[in-house]
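Down below is the structure, laid out as structure tokens.
The values are calculated or read from the model by the stated rules, or taken from the named source; none is laboratory data. Remember, it's a predicted structure, so these values are computed and weren't measured experimentally. Don't worry about glycine lacking a Cβ; one is built from the backbone with ideal geometry, like all the others, and counts go over all protein chains shown. Remember, those area values only see protein heavy atoms, side chains included, never the ligands or the DNA or RNA. Shrake-Rupley method; radii C 1.70, N 1.55, O 1.52, S 1.80 Å.
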Amino acid sequence: MGEPEHVRSTYNDIHNIIRGTSDKIASEFKPDMFIAIGGGGFFPARVLRTFLKNPSTKTNIPIQAIGLSLYESLPGTTVEQLNGEVVRTQWLGPDPGKRLLGRRALIVDEVDDTRKTLQYALNELQKDVEAELQLLPESERDSKRTKFAVFVVHNKLKPKLGKLPPNIPYFAGAEVEDVWLDYPWEVIDIEEHDRLAKEDKERKNITVDEH
């Protein structure tokens with residue numbers, strides 16, 4: 001097999017993709033908390049906060065951070081291994097359920113590839129909420145149960161190994177083929193990255209014009 005096709009996104013590309021999806025998120029979910037999956041979800045979450053405000057207070061939406069990595073990508077790691085696949089490297093603190101109760105929390109990542117990480121994040125956050133709900137009177141639990149949704153900048157059009165429940169709102173900024181995505185926060189030479197991204201766009205435009 002040859003080298004997979006690389007698709008390079010600039011900071012401006014990511015910003016504009018998020019801007020194009022923010023109205024839909026605001027109208028259909030109205031989050032009051034972002035949970036960014038590190039490290040790819042940090043920049044998208046911060047850009048989302050530019051376009052989305054707390055629907056009740058009109059103030060900035062807080063960003064919480066969790067760290068998850070596929071275990072196979074971290075050989076020799078000493079952090080906690082969970083489910084034999086996903087490693088938790090950072091979480092919400094000693095009482096995560098308390099932070100989440102009653103919230104409308106949008107889980108943010110840069111790409112939905114295999115969906116394993118998104119599935120794991122959602123499942124674990126829901127467990128934290130359910131554990132906290134058990135401490136409340138039964139009559140209060142439904143009103144305090146956290147509502148979750150998912151946003152990714154790119155969704156790869158490929159069979160998924162993980163699953164998300166159908167009742168979880170899902171937002172993707174852009175749908176892409178199963179290509180290698182190069183994000184600007186991963187590169188050392190940002191000028192070279194932007195130059196190559198521009199060349200890629202010009203090459204595609206020429207190809208479209210020829211057809």
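Treating each Cα of the chain as one equal point scatterer and applying the Debye formula with no solvent, the log10 of I(q)/I(0) at q = 0.10, 0.17 Å⁻¹ comes out as -0.49, -1.27. Rounded to the nearest 0.05, what FRET efficiency is calculated for LYS98 and ILE168 with R0 set to 22 Å and r the Cβ-Cβ distance? Efficiency, from the Cβ-Cβ distance: 0.50. At an R0 of 25 angstrom, the distance between the Cβ atoms of ASN123 and ASP178 translates into a FRET efficiency of 0.55. Near SER22, once Lys and Arg are set to +1 and Asp and Glu to -1 for all other residues with Cβ below 13 Å from its Cβ, the sum equals +4.
Exposed loop sites were defined as GluC sites (Glu not before Pro) in DSSP loop states (anything but H, G, I, E or B) carrying at most 12 other C-beta atoms within 10 Å; in the chain the longest segment without such a site runs 81-176. Between the amide H of ASP112 and those of HIS154, ASN155, LYS156, distances stay under 5 Å, these residues lying 5 or more places away or on another chain, with hydrogens modeled in the peptide plane. Placing a label point 7 Å from the Cα of GLU186 along the Cα-to-Cβ line, the residues of segment 99-121 whose backbone N sits under 17 Å from it are 109-118. Along its principal axes, segment 116-211 has C-alpha extents of 65, 33, 23 angstrom, given from the largest down.
Cα centroid distance between segment 147-166 and segment 169-193, in Å? If we compute the Cα centre of each part, the gap is 16 Å. On C-alpha positions alone, give me the angle between the axis of helix 11-28 and the longest principal axis of the chain, in degrees, nearest 10. Value to nearest ten degrees: 40.
Per residue, the chain exposes 56 Å² of accessible surface when a 1.4 Å probe is rolled over the protein heavy atoms with every protein chain present. Taking the DSSP beta bridges with both ends in the chain, the antiparallel portion is around 20 percent. On the accessible surface of the chain, probed at 1.4 Å, how many percent belong to carbon and sulfur atoms? Carbon and sulfur atoms account for 50 percent of the accessible area of the chain.
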